[in-house]
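The structure appears right after this line, and notes come after that.
All of the numbers you see were taken from the coordinates with simple rules; none came from a lab. Computed from a predicted model, the values in this text were never measured in an experiment. With ideal geometry, Cβ positions are generated from the backbone for all residues, glycine too; neighbour counts draw on all protein chains shown.
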Amino acid sequence: MEGLKDVILQYVTKEYLEDDSEPLDYETPLISGGIVDSFSMVSLKRFLENKYSIQIPDDKATPEAFDSVTKIAALVEEFVGKKG
Amino acid sequence: MSHIGSYEQRITNFDWSIAEKELGYNPGDVINIGWYATDRICQLGKASKTALIHEGFTGVEKRYTYNDIRLASNTIGAFLRGLGLKNEDRVCLFMDRIPELYLGFLGILKIGAIAQPLFSAFGDESLHVRLSNAETSAVLTQKKHVFKVRKILDRLPHLKHIIIVDHDGKSPLKEREVALSLERSKPVEDLECFPTKAESPSVLHYTSGTTGMPKGVQHVHYSLISQYLTAKWVLDLQEDDIYWCTADPGWVTGTSYGIIAPFSLGVTQCVLDAGFSTEAWYRFLEKNRVSMWYSAPTAIRSLMKGGDEIVQKHDLSSLRHLASVGEPLNSEAVVWSERVFGKPFLDTYWQTETGCIVISNYPGMEVRPGSMGKPFPGITGTILDPTRNEPYSVPGKIGLVALRFDWPSRMRTYWRNPEAFQKKFRNGWYMTGDRARMDKDGYYWFAGRDDDIINTAGHLVSPFEVESALLEHPAVAESAVVSKPDPLNLEVVKAFVTLKPGFAASPDLDLEIMNFIRKKLSPLAMPQEIEFVDSLPKTRSGKIMRRILHAKEWGEEIGDTSTLENE
């Protein structure tokens with residue numbers, strides 16, 4: 001889980017933050033905090049699907065489920081688990 | 001009792017002087033929106049009334065009285081003047097929905113400068129196009145967004161000042177940058193407002209075009225007259241209301257009905273500067289006892305998706321009146337809101353160019369779910385037969401929504417683009433670019449756009465702008481951009497792309513191109529789907545036929561293909 005969280009944290013930091021932004025942690029609010037908006041969520045979801053070869057249904061990809069690295073990791077784990 | 005009373009009675013003997021009288025304005029007088037929205041309300045004895053309740057994404061709440069917003073807008077206005085900024089200079093607001101955005105807007109208007117609000121999620125290229133076209137003199141921004149301005153600074157010779165409203169001193173200010181802290185500034189008690197007149201320019205909002213780059217829609221201070229009256233009669237803003245307009249002032253709803261109208265009516269409004277979540281929105285409505293709620297179909301559909309159960313967990317009994325704007329409001333959403341909130345969302349229709357609501361449903365008028373409603377009193381609308389450019393003589397036919405262009409808040413021109421402005425008219429009618437039909441009782445029913453512009457979650461995206469940006473990606477040879485249907489956002493952006501030799505389609509390239517557009521233009525403009533194709537349909541003269549791709553996406557008849565290159 002920590003490894004998964006780190007991958008997501010690094011990706012969000014690289015893609016959605018600028019160099020001099022405050023660093024993120026696993027619990028930083030991403031959607032409600034205005035770091036990732038609902039449109040940008042689509043590319044974040046696509047990244048996760050590509051990286052982990054999963055399909056996240058649209059009804060699971062809610063702003064609440066994407067609101068922190070920890071929550072996203074839990075969602076990904078749910079689907080990675082289903083693959084096996 | 002609603003302000004409008006009977007719609008049928010209001011449309012007889014209507015005159016905009018109703019609003020002029022209520023505002024104490026006589027033709028030829030000075031009219032300055034910044035003054036009307038703050039000083040005048042204080043002079044009416046409401047200086048201690050709450051004007052703005054602001055909640056940031058961390059949950060911290062700030063409250064401002066009308067006297068507070070008068071002083072803060074004075075302070076910002078004086079600061080701008082101190083930098084040498086003057087009337088008709090363009091001053092951009094490039095910020096999240098923080099208090100300085102609202103207060104800065106009013107301060108800019110007070111000194112007679114032109115407020116140019118831009119959506120803070122815009123990427124550097126979207127920002128450059130708009131600042132360059134307007135020859136903007138100054139930008140008010142936040143430290144989290146200033147990097148985008150820095151990136152394009154070399155290409156903006158007219159930009160003299162970058163004003164950072166939350167500079168904390170941790171990193172040094174760079175070229176042309178200056179810090180402004182409202183908290184550390186001495187409030188300016190008296191600021192002489194610039195004596196703007198009815199036709200003095202006030203606000204410059206940029207809107208997307210089908211073929212060219214974005215156009216600056218230029219409004220004037222006299223727009224106040226119809227923004228005030230439409231807010232009063234359609235949104236039915238009352239003295240004791242707590243009003244929530246969910247729009248961002250980067251777009252016209254957020255300025256016309258998120259700043260100008262509510263403040264000039266002396267109403268208490270609240271702002272939530274946080275990303276969307278069902279729970280957060282219901283909590284905000286409940287906590288603030290919101291009574292008038294002006295939102296958008298995409299948000300309403302997102303709430304519907306959240307289900308009815310969560311609504312029951314909140315006390316939303318304060319809600320008195322609901323309205324919606326930005327894209328057609330489907331009938332299911334109207335019926336749903338009536339069921340869960342006990343009130344229907346009333347659809348309102350207007351555009352950046354109209355400056356105010358022009359067709360609407362009204363309190364007290366029969367709601368026909370899915371209908372746009374009827375023209376506002378004083379506004380003449382029709383459905384034009386596109387073959388004759390004359391109104392249809394019988395109801396029920398789908399044609400072009402057209403308006404007589406004669407109400408106070410209509411745009412005056414496109415910024416330095418009078419040719420584009422003239423193209424908006426046919427046979428004396430202003431063409432909205434939308435198609436609709438009118439039923440026998442005069443209700444308008446939206447049918448779709450008459451051009452290639454994409455309406456995604458109520459925001460217009462130009463396919464031309466996205467196509468141009470796509471061509472800057474090293475892998476892209478050609479591109480065509482159309483809308484595709486989306487259950488939540490009405491439409492989203494879809495791109496068809498051919499690749500240069502040496503590049504192969506892959507999920508990673510797909511994501512790379514999506515992120516490229518997101519950062520360059522904006523998240524709204526980012527294609528939600530990219531289809532890699534071997535070739536694009538073109539005319540024999542080489543023009544890409546978006547229409548064919550659009551028809552395929554929407555399952556429509558492709559129509560005439562006689563000019564298609566490979567036919």
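Overview of values
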{"quantity": "Charge dipole (debye, nearest 20) of the protein assembly as shown; +1 at Cβ of Lys and Arg, -1 at Cβ of Asp and Glu", "calculated": "1160 debye"}
{"quantity": "Exposed-loop-free span, longest in chain A, where GluC sites (Glu not before Pro) count as exposed if DSSP calls them loop and at most 16 other C-beta atoms lie within 10 Å", "calculated": "A:28-63"}
{"quantity": "The stretch B:297-344, dipole about Cα centre (Lys/Arg Cβ +1, Asp/Glu Cβ -1), debye to the nearest 20", "calculated": "80 debye"}
{"quantity": "Karplus-derived 3J(HN,Hα), 6.51/-1.76/1.60, for each residue of the stretch B:51-61, Hz, glycine and proline x", "calculated": "9, 9, 10, 10, 10, x, 5, 8, x, 6, 9"}
{"quantity": "Amide N proximity, the stretch B:291-315 versus residue A:59 label position 7 Å along Cα-to-Cβ, cut-off under 16 Å", "calculated": "B:302-310"}
{"quantity": "Nonlocal amide H pairs with residue B:449, under 5 Å, H built at 1.01 Å", "calculated": "B:435"}
{"quantity": "Under 5 Å, built H, 5+ apart or other chain: amide partners of residue B:51", "calculated": "B:64, B:65, B:66"}
{"quantity": "In sequence order, calculated HN-Hα J values of the stretch B:384-389 (Karplus, 6.51, -1.76, 1.60; Hz; x Gly/Pro)", "calculated": "8, 6, x, 7, 10, 6"}
{"quantity": "If the convex hull is drawn through the Cα atoms of the stretch B:454-554, its volume per residue in Å³", "calculated": "97 Å³"}
{"quantity": "Sequence-separation-based contact order of the stretch A:2-83, relative, with Cα cut under 8 Å and 6+ spacing, percent", "calculated": "37 percent"}
{"quantity": "Dipole of the protein assembly as shown [Lys/Arg +1, Asp/Glu -1 at C-beta], most positive-end residue of B:344, A:39, B:126", "calculated": "B:126"}
{"quantity": "Calculated P(r) of the stretch B:297-363 - Cα pairs past 19 Å, %", "calculated": "34 percent"}
{"quantity": "Distance between the stretch B:394-417 and the stretch B:164-178 - C-alpha centres, whole angstrom", "calculated": "43 Å"}
{"quantity": "Signed unit charges on C-beta, dipole axis of the protein assembly as shown, positive-most listed residue B:92, A:61, B:58", "calculated": "B:92"}
{"quantity": "For A:63-71, mean number of other protein chain Cβ atoms within 10 Å", "calculated": "2"}
{"quantity": "Förster radius 60 Å - calculated FRET efficiency between residue A:74 and residue B:406, Cβ distance, rounded to 0.05", "calculated": "0.55"}
{"quantity": "Distance cut-off 39 Å, percentage of C-alpha pairs in chain B lying past it", "calculated": "26 percent"}
{"quantity": "The stretch B:1-134 - Rg (one decimal) and Dmax (whole number), Cα, Å", "calculated": "18.0, 51"}
{"quantity": "Per DSSP, loop GluC sites (Glu not before Pro) in the stretch B:231-336 with at most 15 further Cβ within 10 Å", "calculated": "B:239"}
{"quantity": "Entries in B:151/B:538; B:423/B:543; B:397/B:494; A:60/B:62; B:215/B:494 that, when Cα-Cα distance is taken, lie over 32 Å", "calculated": "B:151/B:538; A:60/B:62"}
{"quantity": "Volume per residue that the Cα convex hull of the stretch B:139-247 spans, once the total is divided by residue count, Å³", "calculated": "221 Å³"}
{"quantity": "Chain B, relative contact order [Cα under 8 Å, separation at least 6], %", "calculated": "13 percent"}
{"quantity": "Three principal axis lengths of the protein assembly as shown [C-alpha, angstrom, descending]", "calculated": "69, 66, 55"}
{"quantity": "Distance histogram for chain A (every C-alpha pair counted, 10 angstrom bins, percent rounded to whole numbers)", "calculated": "18, 58, 22, 2, 0"}
